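Working notes, structure below.
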Amino acid sequence: MTLKEILEKFGKVDGSFVIENMMGLSQTEIFFNQNETVPKDIEIKIDEIYENYSKDYPINYLIGKKNFYGRDFYLEDGVLIPRFETEILIENILSLGVDFENILDIGCGSGIISITLALEMPKSKVLGVDISEVALDISNRNRELLGARNSEFKESNLFSSIGEEKFDLIVSNPPYINREDMKALDERVKKEPELALFGGEDGLDFYKAIIEKSHEHLNENGYIAFEIGYNQGESVKELLSNNEYGDVNLIKDYNGFDRCVIARSMI
Ligand code: GLN
């Protein structure tokens, strides 16, 4: 099997990802060596990966890795695959220029938001919570892998295990896909846990639940930051404005879709 054949089988993007990880070649090396033959032992492994890939398993689960904000995170079946768009949430939190002392990340999944914020803001302390044990295992593994000592992970159904603790920032990329859109998901996306995708009838269940209790866990004038679905900007803005949040800032992604909302507690 040649590199070119791999690129044809998996498509250019996933194919390069496979070659990069299985053979340690850079994008440029792949480009210039397409007729190179893959060693037999690696070919066998790639064939195994292809067997599942052809059944619509996402390539990131099969390779066990996803890059986010310039760092490679470990990944496996059972958590949401980090999306590039979530980097927009990170960028906008960082550009607030606030020295957050403690941060709560609700629904931490693989830990990308918690760990990235912890590493980008080394003076902060970040607590990531998730209801899923698999998510917590993966988050802890990523914490070790990336040396994010100022992050911590704990099982909690939203705020259920938080106690009295208060934070300067509550951040969340909750499940937000509505019932209608769930039906139209790509086969590969359907391999991701529904628990991490489905946000109730209108996709807004978790924003409502988090916002409702948020003031109990937010310091005076603290911030709240959400990733949101492509058409949820106005609804989430309204939820925030009706719940004593001000400076509500709706941020769009590079496709012009609603992508995150950041607001500040008025109490
Ligand atoms: N961005 C994901 C998607 O479009 C959804 C992530 C989420 O529900 N938080 O598939």
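The values are calculated or read from the model by the stated rules, or taken from the named source; none is laboratory data. The structure displayed is predicted, hence computed values, not measured ones. Every residue, glycine as well, gets a Cβ built from its backbone with ideal geometry; the counts of neighbours run over all protein chains shown. When the accessible area is computed, the model is the full protein with side chains, heavy atoms only, and any ligands, DNA or RNA have been set aside. Shrake-Rupley method; radii C 1.70, N 1.55, O 1.52, S 1.80 Å.
When you scan segment 1-70 for helices (runs of 4 or more DSSP H) that lie fully inside it, which ones turn up with 1 or more residues that are loosely packed, with under 15 Cβ neighbours inside 10 Å?
Qualifying helices (runs of 4 or more DSSP H): 3-10, 12-23, 27-32, 40-53.
Return the residues of segment 87-130 that are in a loop (DSSP other than H, G, I, E, B) and among the β-branched types (Val, Ile, Thr); say none if nothing qualifies.
98
Only residues that are within 14 Å of the ligand (Cβ to nearest atom) and either over 23 Å from residue 157 (Cα atoms) or outside any helix (DSSP H, G or I) (or both): list them for segment 213-253, please.
Correct list: 225, 226, 227, 228, 229, 230, 231, 232, 253.
Being more than 20 Å from residue 263 (Cβ to Cβ) and surrounded by 20 or more Cβ atoms within 10 Å (Cβ to Cβ) is true for just one of 90, 112, 103. Which residue is that?
Of 90, 112, 103, the one residue that is more than 20 Å from residue 263 (Cβ to Cβ) and surrounded by 20 or more Cβ atoms within 10 Å (Cβ to Cβ) is 112.
Name, by its number, the condition in (1) open to solvent by 60 Å² or more (accessible area, probe 1.4 Å); (2) within 11 Å of the ligand (Cβ to nearest atom); (3) in a helix (DSSP H, G or I) that does not hold for residue 182.
Going through the list (1) open to solvent by 60 Å² or more (accessible area, probe 1.4 Å); (2) within 11 Å of the ligand (Cβ to nearest atom); (3) in a helix (DSSP H, G or I), residue 182 breaks only (1).
Considering segment 198-212 alone, what residues qualify as being of a type in the set (Gly, Ala, Ser), in a helix (DSSP H, G or I) and within 13 Å of the ligand (Cβ to nearest atom)?
Listed by number, the list is empty, since nothing qualifies.
Which pairs do you get when a residue that is free of Cβ contacts under 8 Å to residues at least 40 places away in the same chain, found in segment 208-237, comes within reach of a residue that is not in a strand (DSSP E or B), reach meaning Cβ atoms under 6 angstrom, with the pair 6+ apart or on two chains?
211/239; 211/243; 230/257; 235/204; 236/207; 236/228
So if I check each of 162, 90, 138, 112, which one is touching a strand residue (DSSP E or B) at 6+ places or on another chain (Cβ under 9 Å) and touching a residue at least 60 places away in the same chain (Cβ under 8 Å)?
Being touching a strand residue (DSSP E or B) at 6+ places or on another chain (Cβ under 9 Å) and touching a residue at least 60 places away in the same chain (Cβ under 8 Å) holds for just one of 162, 90, 138, 112, which is 138.
Looking at (1) open to solvent by less than 20 Å² (accessible area, probe 1.4 Å); (2) touching a His at 6+ places or on another chain (Cβ under 6 Å), which is the only condition residue 166 fails?
(1)
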